[in-house]
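Note sheet for the following structure.
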Amino acid sequence: MRKLLVVGMDGLNWTVAEAAGMPVLKGLAAEGAVGHSLVPCPPVAESSSGPGWSTIATGVWPDKHGVRDNGFAGARYAAFPDFLTRISQRYRTYSAVGWAELHRRGTFGPEVGVRVTFDGEADGYDAADARVTADATGRLRDVDAAFVYLGHTDDVAHTVGTGTAYRVAAEEQDRQLGRLLAARGPGEWLVIVTTDHGHRVPDGGHGGCREDERGTWIVAAGPGIPAGARPPGTGQVDVAATALYHFELTAELDGRPWQEAVR
Ligand SMILES: [Zn+2]
């Protein structure tokens, strides 16, 4: 039985992840594939969460999904639904987020089987991430495809920049990732971990066209993805395509399934 877990770590620079103690993420990277890319920047779209998660969820770029900043004006999720919505036609789906906009705006839409929303803006993202993780670990045995959002990294970088506290937040998210992996039931799991945008080093912040704020990464491990693979020409749009391929679903997307890209 095919299963999927996509974990989003908001605003996490790969250089910081590499330098941090993140053994779980690094383990997935070692047993699977890693890809890097640059997200669009103005005037196409801000290098921000709204466009980034929309691209990850839908598998198409902002010119199609329509989200160009965190205002979400012009979103076209009806025409370009998220991968969980597509999978939910046949499988049990679940999403848990601490950035409530992702559910309120429909980035992961109402047809997702179970949507659990916490409020990192009100409660703090460290608390929201803990609640997201606790909820998800209780449900992962009973779903086929899940998206789990962790946001503390982004919040810390905005507040104090990309120094020690940012690394510590990344390391906590790695432990949460470990708890998620341990909570999985049996099945052929595809695990994808990714981020929506980077942060300016060292002061934090994003939205513009610097390489450190545009830089994103994808780690994927599971069936059809050989250890050490480095799929060429990867992009944020590949997450949804790779997720759908795992369930033998197809859609007209901008992304390419990594299972095909590495063959
Ligand atoms: Zn973000």
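Could you state the accessible area per residue of the range 2-261 in Å², with a 1.4 Å probe and every protein chain left in place?
Working: 9610 Å² over 260 residues.
I get 37 Å² per residue for the range 2-261.
Is the shape of the chain rounded, prolate or oblate, going by the alpha carbon gyration tensor and its root eigenvalues a ≥ b ≥ c, with a/c under 1.5 for rounded and a/b larger than b/c for prolate? Could the numbers behind the result be given before it?
Details: a/c = 1.21, a/b = 1.13, b/c = 1.07.
It is rounded, given that a/c, with a ≥ b ≥ c, falls under 1.5.
Amide H of Arg2: which non-local residues (sequence gap of 5 or more, or other chain) have their own amide H closer than 5 Å, using H built in the peptide plane?
Amide H to amide H, under 5 Å and 5 or more residues apart or across chains, Arg2 pairs with Glu188.
Mind giving me the FRET efficiency for Glu248 and Val44? R0 is 30 Å, r the Cβ-Cβ distance, nearest 0.05 is fine.
Numbers: r = 32 Å, r/R0 = 1.08.
Calculated value: 0.40.
At Glu111 and Cys209, where each label point lies 7 Å from the Cα along Cα→Cβ, what is the point-to-point distance in nanometres?
Computed distance between label sites Glu111 and Cys209 equals 3.7 nm.
Quick one: which residues, 5 or more positions from Val114 or on another chain, have an amide H under 5 Å from its amide H? H modelled 1.01 Å from N in the peptide plane, none for Pro or chain starts.
Those qualifying (amide H under 5 Å, at least 5 residues apart or on another chain) are Thr93, Tyr94, Ser95.
State, as an integer percentage, the relative contact order of the chain based on alpha-carbon contacts under 8 Å between residues 6 or more apart.
Details: 635 pairs, mean separation 86.7, N = 263.
Reported relative contact order: 33 percent.
Show me the ranking of peptides 256-262, 122-128 by mean Cβ neighbours inside 10 Å, starting with the highest. Show your work: numbers first, answer last.
Working: 256-262: 20.1, 122-128: 17.1.
Ranked by mean Cβ neighbours within 10 Å, highest first: 256-262, 122-128.
Can you tell me the length gained on complete extension of the stretch His36 to Ala127, counting 0.36 nm per residue apart and subtracting the Cα distance? Walk me through the numbers before you get to the answer.
Working: separation 91, 0.36 × 91 = 32.76 nm, distance 2.93 nm.
Additional length available on full extension: 29.8 nm.
Evaluate the relative contact order of the range 108-223 (contact order divided by residue number), counting alpha-carbon pairs under 8 angstrom at least 6 apart; express in whole percent. Before the final figure, lay out the partial values.
Values: 141 pairs, mean separation 25.7, N = 116.
It rounds to 22 percent for the range 108-223.
So what are the ³J(HN,Hα) numbers for the range 114-125, from phi and the Karplus equation (6.51, -1.76, 1.60; θ = phi - 60°), rounded to whole Hz, Gly and Pro as x?
After applying 6.51 cos²θ - 1.76 cosθ + 1.60, I find 10, 10, 10, 10, 10, 10, x, 5, 8, 9, x, 6 Hz.
Given only helices, namely DSSP H runs of n ≥ 4 each adding -39500 (n - 2.57), what is the per-residue ellipticity at 222 nm of the chain, to the nearest 500 deg cm²/dmol? Can you show the working numbers first?
Numbers: 13 runs with 102 residues, N = 263.
Roughly -10500 deg cm²/dmol at 222 nm, from the helical runs in the chain.
Mind giving me the nanometre distance, one decimal, between the label points for Glu260 and Ala183, set 7 Å out from Cα along Cα→Cβ?
According to this spin-label approximation, the distance is 3.3 nm.
Determine the shape class of the range 92-243: with a ≥ b ≥ c the square roots of the Cα gyration tensor eigenvalues, call it rounded for a/c under 1.5, and otherwise prolate if a/b is greater than b/c, oblate otherwise.
On the way: a/c = 1.59, a/b = 1.18, b/c = 1.35.
Here the range 92-243 falls in the oblate category.
Mind ranking 224-230, 28-34 by how tightly packed they are, going by the mean number of other C-beta atoms within 10 angstrom, highest first?
Numbers: 224-230: 15.3, 28-34: 20.0.
In decreasing order of mean packing, 224-230, 28-34 become 28-34, 224-230.
Around Val60, which amide H atoms from residues at least 5 apart in sequence, or from another chain, sit under 5 Å from its own amide H, with H modelled in the peptide plane?
Result for Val60 returns Asp254.
The values are calculated or read from the model by the stated rules, or taken from the named source; none is laboratory data. In this text, all values refer to a predicted model and were calculated from it rather than measured experimentally. Methodologically, a virtual Cβ is constructed for each residue, glycine included, from the backbone with ideal geometry; neighbour enumeration extends over all protein chains shown. The accessibility values were calculated without ligands, DNA or RNA, using every heavy atom of the protein model including side chains. Shrake-Rupley method; radii C 1.70, N 1.55, O 1.52, S 1.80 Å.
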